[in-house]
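Presented below is the structure to which this report refers.
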Amino acid sequence: MLSTMKKSRRAAPAAGHPTPAAAVEPENAVELRDVSVSYGTTVALSGLSLAVARGETVALLGPSGSGKSTALKAIAGFERPSSGRVLLDGVDVTDASPARRGIGVVVQQYALFPHMRVDANVAYGLKARRMPKAEIAARVKAMLEMVGMEGHAHKLPRQLSGGQQQRVAIARALAIRPQVLLLDEPLSALDASLRAEMLLELQALRAELPDIAMVYVTHDQSEALTLADRIAVMRNARLEEIGTAEQLYSRPAGAFTAKFLGGASLLPAISTTVVPDGGAMGSVLAGAHRMKAVAPFAVNPGGRVLVAVRPHAWKLAAGSPAAAAGWAGDGAGDGYTVNSLPGRVESVQWRGAGHRLQVDLIGLSERVTVDLPAMSAVPAPGDLVVLTVEPQHAVLVPAGEL
Amino acid sequence: MRTAAGPRVTPALVGSAGVGSARVTGAPKAGPASSFPHIPGSWRSWLWLAVPLLFVAVFFAYPLAQIGAQSFQDKYGAGVGLANWQYELSSAAVQKATAATLKIAALSTLGALLLGTFIALALSFVPFRGAGLVTRLIETVVSFPSFLIPLAFSILYGRTGVVNSVLGQLAPGLPALNFVNDVPGVVLAEVAFYTPFVVRPLLAVFSQLPRELLDVAGSLGSGPLAIVRTVILPAGLPALAASAGLTFLLTMNEFGIILFTGAKNVMTLPMLIYTRSIVTFDMPSAAVIACIQVALSLGVYCLYRWTYKKLSGANHAAPR
């Protein structure tokens, strides 16, 4: 069921393709057209175009100051764009107040009204809409049941844990039956175990609300990968890249996305073959090492590229120390296997489910991160090793600015 | 485990709270850590308290006790029991002065609360150039002596003031403005002087109010007025109560403003005390009225503390 839902969501129009506002049933629940937000001379969001279809979850992922929260505020009406248009269900709401947009919003610190009880918090939006009292009571009850908080209706927010407050905030946002739900780093104030638990609950909630469009702002890639149908990677107030989680993870189009989403190591390299179209295998020279990697874009001989390799894609070659010793002399090697790189282990961290190594590559002046699975042999700091990677697990990205 | 100095340190406490907070047993009494009086009930503690206690006793408690004692004496120092009290409490002048005091204090407090809340809301939530300057100006008013306000009122709005002169030239038939030397003049002057006492704490509270609360309230469908009513003012309620209590206390004891308005028919308790003690030298009578004034002040203070505690307490909940 979930895969069917995702399939239909993928059929949503690509970002930056506006839907005519005159359409009776516009496909996009949210649409940003070249939206910029400035505070004086500071540009907080620059020319963002983005469309979110009904039933789709789009995560805005990026580091602090990348403009993701500003984008969400522009959608909610909390910030007035300095240029561009915001459309909800095809209707231009750029100049409309937040109260007139009918959007549910959940923020990082929950923003529950501290002087109101849980039930009054959930009823707040319904009272503002002048709903009859009997209907309010029924809706509040239903919402609290949905998030499993019916037993806490008469408590004050300060009497609840962080996770419980988050549930109430979600119930309050959904009580007004919005067509769009905006979540601004909703799990970042929770501890690790509670965050994992809430992530599962949000996933279940998403399945219960197939018609609501969700925009989820986060700097945590695991949340984005878990919840989002598409991920918009933001950087320096701009949209860097947008695509499905799988696309961005397996075939990132830029060095920043490769690094930010999945923490790929990026090795500078020079192409040695012609790859006319994206998707074929390309050959490159990384320092003195020959490597093969998927080239999602056209590459010409001599072109500068980066080879992106995820930490878990690296493998330690059998008999590593002896093999690496052969490389260590001049750092160039003598024609060893393609995609085999010698290095010296700089540090080893035990991470419970496995070990994380930092390895300084010999002859490349690059340090890569290697995740070893549990139960595998672990070298010690200072050991010489040979790292290998399957060509299909290495991907070329344009040599851009990181 | 032993430290370098030799005292025994409870190991469990070292691990959790660090050496600085460890319980030390068997430590010598001498040394930098034990030379200062930390032991409750020590005579050294009382020595430190002696100077301020002596000051309070000489300059506050004793004069107050003297006033209390004088209220039971006649002009010549002879004891008269409760006669002075019976006379003053049944006196129409004292009753009228008490009513006028409470009425002016209540009206002034209400005015300061309304004006102060409006100003604080505007300064906090309606961004405009010069908001900072306005805030500083309002704060400056607190540093002025209170009598400057009625003085300025007299110059501007008095019977021979600027406004009446202009009005007299523009419209000779119009009756002259004549409110400065009466209750409205006193109330307006007190409102003008005490409004900053409401603005300042509210500004502090409003600046701490998370912006997200207002944003979320807006997204849920509330307009600006509804947000003020349902989110902002409830958050400012403890500060409002504190401001109201303080303003009521100060206006109840206000003397300079009333004196400088020259309002002869505005007789409050402080004015009555002044008249009896300085003008007619009736010290026993002034002492009784002063005691009444002190009792009123303490009553209002207790009420204010109770209200403040109730509003800012952990268990209050707004209506559903």
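Quick note: the coordinates plus some simple rules give every number you see, no bench work behind them. Just so it is clear, the structure is predicted and the values come from calculations on it, not from any experiment. Cβ: placed from backbone, ideal geometry, glycine included. Neighbour counts: every protein chain shown.
Round to the nearest 0.05 the FRET efficiency obtained for A:A138 and B:L89 when R0 = 56 Å and r is the Cβ-Cβ distance.
0.40
Could you list A:W314, A:W350 so that the one with the fewest beta carbons within 10 Å of its beta carbon is first and the one with the most is last?
In order of increasing Cβ crowding within 10 Å: A:W350, A:W314.
So what is log10(I(q)/I(0)) for the stretch A:2-250 at q = 0.07 1/Å, when the Debye sum runs over its Cα atoms only?
-0.22
Could you calculate the FRET efficiency of B:T307 with B:N178 from 1/(1 + (r/R0)^6), where r is the beta carbon distance between them and R0 is 41 Å, rounded to 0.05?
For B:T307 and B:N178, the calculated efficiency is 0.65.
By what distance, in whole Å, do the Cα atoms of the stretch B:187-320 stretch along each of the three principal axes, largest value first?
66, 31, 22
Let me check I've understood the local charge: for A:R33, count other residues with C-beta under 13 angstrom from its C-beta, Lys and Arg +1, Asp and Glu -1. What total comes out?
Surrounding charge for A:R33 is -2.
I need the per residue convex hull volume for the stretch A:67-171, using only the alpha carbons, in cubic angstrom as a whole number.
Convex hull of Cα atoms, per residue: 120 Å³.
Quick one: Cα centre-to-centre distance for the stretch A:92-112 and the stretch B:190-227, in angstrom?
Each part reduced to its Cα centre gives a spacing of 19 Å.
Please sort A:200-207, A:280-287 by packing, taking for each peptide the average over its residues of neighbouring beta carbons within 10 angstrom, highest first.
Listed from highest to lowest mean packing, they are A:280-287, A:200-207.
How do B:F60, B:F125, B:F197 rank when sorted from fewest to most other Cβ atoms within 10 Å of their own Cβ?
In increasing order of surrounding Cβ atoms, one gets B:F60, B:F125, B:F197.
Could you tell me the calculated FRET efficiency between A:L194 and B:L114, based on Cβ-Cβ distance and R0 = 41 angstrom, to the nearest 0.05?
FRET efficiency, A:L194 to B:L114: 0.35.
Amide H of A:A44 versus every other amide H placed in the peptide plane: which residues, excluding those fewer than 5 positions away on the same chain, fall under 5 Å?
A:V37, A:S38, A:Y39
For A:D211, A:D184, A:D34, what ranking results if the residue with the fewest other Cβ atoms within 10 Å of its Cβ goes first?
A:D211, A:D34, A:D184
Which entries of B:K75/B:K96; A:K133/A:K155; A:K73/A:K127; A:K73/B:K310; A:K155/B:K310 have Cα-Cα distances beyond 27 Å here?
A:K73/B:K310
Let me see the pair-distance distribution of the stretch B:85-158: every alpha carbon pair, 5 Å bin width, integer percents in order.
Reading upward from the zero bin: 3, 12, 11, 17, 17, 14, 9, 7, 5, 3, 2, 1.
Beyond 22 Å, what share of the Cα-Cα pairs of the stretch B:116-191 is found? Please give it as a whole percent.
When all Cα pairs of the stretch B:116-191 are counted, 45 percent exceed 22 Å.
If the viscosity is 1.306 mPa s and the temperature 10 °C, what translational diffusion coefficient in µm²/s does Stokes-Einstein give for the protein assembly as shown when Rh comes from Kirkwood over Cα pairs?
D, rounded to a whole number, is 48 µm²/s.
In cubic angstrom, how much convex hull volume per residue do the alpha carbon atoms of the stretch B:88-312 span?
Once divided by residue count, the hull of the stretch B:88-312 is 162 Å³.
Between the stretch A:45-79 and the stretch A:219-286, what is the separation of their alpha carbon centroids in Å?
Centre-to-centre distance over Cα atoms comes out at 20 Å.
Setting aside same-chain residues fewer than 8 positions from A:K68, which aspartates and glutamates have a Cα under 14 Å from its Cα?
List returned: A:E79, A:D184, A:E185, A:D220, A:E240, A:E241.
Which value in nm describes the separation of the simple spin-label points at B:S297 and A:V274, placed 7 Å from the Cα toward the beta carbon?
Label-label distance for B:S297 and A:V274, simple model: 9.8 nm.
In whole Hz, with x marking every Gly and Pro, tabulate ³J(HN,Hα) for the stretch A:54-65 from phi via Karplus 6.51 cos²θ - 1.76 cosθ + 1.60, θ = phi - 60°.
For the stretch A:54-65, the Karplus-derived couplings read 4, x, 9, 10, 10, 9, 9, 10, x, x, 4, x Hz, x marking Gly and Pro.
Identify the trypsin sites (Lys or Arg not before Pro) of the stretch A:104-184 meeting these criteria: DSSP loop state and at most 11 other C-beta atoms within 10 Å of the C-beta.
In loop regions of the stretch A:104-184 (DSSP not H, G, I, E or B), the sparsely surrounded trypsin sites (Lys or Arg not before Pro) are A:R130.
With the dipole of the protein assembly as shown worked out from charges on the C-beta (+1 for Lys and Arg, -1 for Asp and Glu) around the Cα centre, which of B:P172, A:A51, A:S347 lies farthest toward the positive end?
Final value for the positive-end residue is B:P172.
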